[in-house]
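Please read the structure below before turning to the comments.
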Amino acid sequence: MNRSKIKPTIVVFGCTGTVGAEVMRQLSSADCRARGVLRNPERAYPVQIDKGQSNVSYLSADLNSVKELKKACFGGDGLFLLTATSPDQVVHEINIIDAARQSGIKRIVKLSAPVVQLPAKVEVSEWHRKIDDYISGNIADYCCLRPHSFMQNWERNTFTIRYFSKIYGALGNAPRNYIDCRDVASVAVNYLLASDALKDRSVVLAGPEAITNMEMAAKLSRVTGREIEYLDIKPEELLSQFINKAKLPEWLATHLVELDDLAIKVPEPEQDTITNLILRRPGIMDEYLQEKRHLFTRKPLWKLLF
């Protein structure tokens, strides 16, 4: 048997997330097998399995069980590494790396975070650094992808935009670089399916423009047909809103405030870095906002009562 003609099996962790689901979708039309790993067996599949021939499959695994993770990795050639951001992320992803290595997986493409420079501090980036260091010591063929911020993250702000026509933040006039998750997935898939060993170990992924919150307010005003206002508040006030009003866990609220502080202290890229990686121009914010316009448009009050 000519093993060079055997389709590779790509194992996808985080397959129900925004980036992971798109990785699954793109792999479903590629010359490979895509195996999505679910933490909860009842989760909806991001890409449905065809009744006929399909290169997509799923299984569930406990991220605290290396035994179950080894079964998830069995026969895999490459692995997309992404788990939910949480204080357990370091333990979970190291468990996956161990299982991948023991199962014979040769390549890992990890969705990581930017390397944070002093004087900024982002605790979640420190979690990623620990995982990245562990990969480098245990996997020969790997790449860590480092986007700054996703366009889709704006969907966290739909409530205050939709019902109060306001954006709250502690970003001042600093711009942030946004990238479409679908473009990130395209980069990941290209690396996962590359025929040669990966030369890039750390890749900064930047979108086509850096945008301030005031510019975002103007863009949202345009697409929704009403005035959206950006209110710049103190970091401690923003943290309080996240914890007391949005009911976010303290670690996540702190992370979101730290990201604003990071953009102020360490300027983000103003031009894209991925055109040559995906061989096309990346998506722009205006396209994304037009596509997701319905998420930011105010609903009539009577619809909130039913």
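Of note:
- Here residue 153 clears all of (1) of a type outside the set (Lys, Arg); (2) part of a helix (DSSP H, G or I); (3) surrounded by fewer than 21 Cβ atoms within 10 Å (Cβ to Cβ); (4) over 14 Å from the mean Cα position of the chain (by Cα) except the condition numbered (4).
- Filtered by the rule that a residue be of a type in the set (A, V, I, L, M) and closer than 18 Å to residue 36 by Cα, the range 95-132 gives 96, 97, 99, 100, 105, 108, 109, 111.
- Options 260, 232: the member that is crowded, with 18+ Cβ neighbours inside 10 Å, in contact with a helix residue (DSSP H, G or I) (Cβ under 8 Å, 6 or more places away or on another chain) and either farther than 30 Å from residue 190 by Cβ or of a type in the set (S, T, N, Q) (or both): 260
- Answer residue from the range 257-306, given it is out of contact with any Phe, Trp or Tyr (no Cβ under 9 Å at 6 or more places or on another chain) and aromatic (Phe, Trp, Tyr) and is modelled with the highest pLDDT among those: 306
Conditions (1) touching a helix residue (DSSP H, G or I) at 6+ places or on another chain (Cβ under 9 Å); (2) under 22 Å from residue 189 (Cα atoms), marked per residue:
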residue: 33; (1), (2): yes, yes
residue: 66; (1), (2): yes, no
residue: 88; (1), (2): no, no
residue: 95; (1), (2): yes, no
residue: 107; (1), (2): yes, yes
residue: 125; (1), (2): yes, no
residue: 128; (1), (2): yes, yes
residue: 135; (1), (2): yes, yes
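- Scan of the range 186-216 for residues that are touching a Ser or Thr at 6+ places or on another chain (Cβ under 9 Å) and either part of a helix (DSSP H, G or I) or hydrophobic (A, V, I, L, M, F, W, C) (or both), ordered by number: 203, 204, 205, 206
- Considering the conditions (1) in contact with a helix residue (DSSP H, G or I) (Cβ under 9 Å, 6 or more places away or on another chain); (2) free of Cβ contacts under 8 Å to residues at least 60 places away in the same chain; (3) outside any helix (DSSP H, G or I), residue 75 is excluded by exactly one of them, (2).
The values are calculated or read from the model by the stated rules, or taken from the named source; none is laboratory data. Bear in mind that the values here come from a model prediction, so they are computed numbers and not experimental data. All Cβ positions, even for glycine, are placed from backbone atoms using ideal geometry, and neighbour counts span all protein chains on display.
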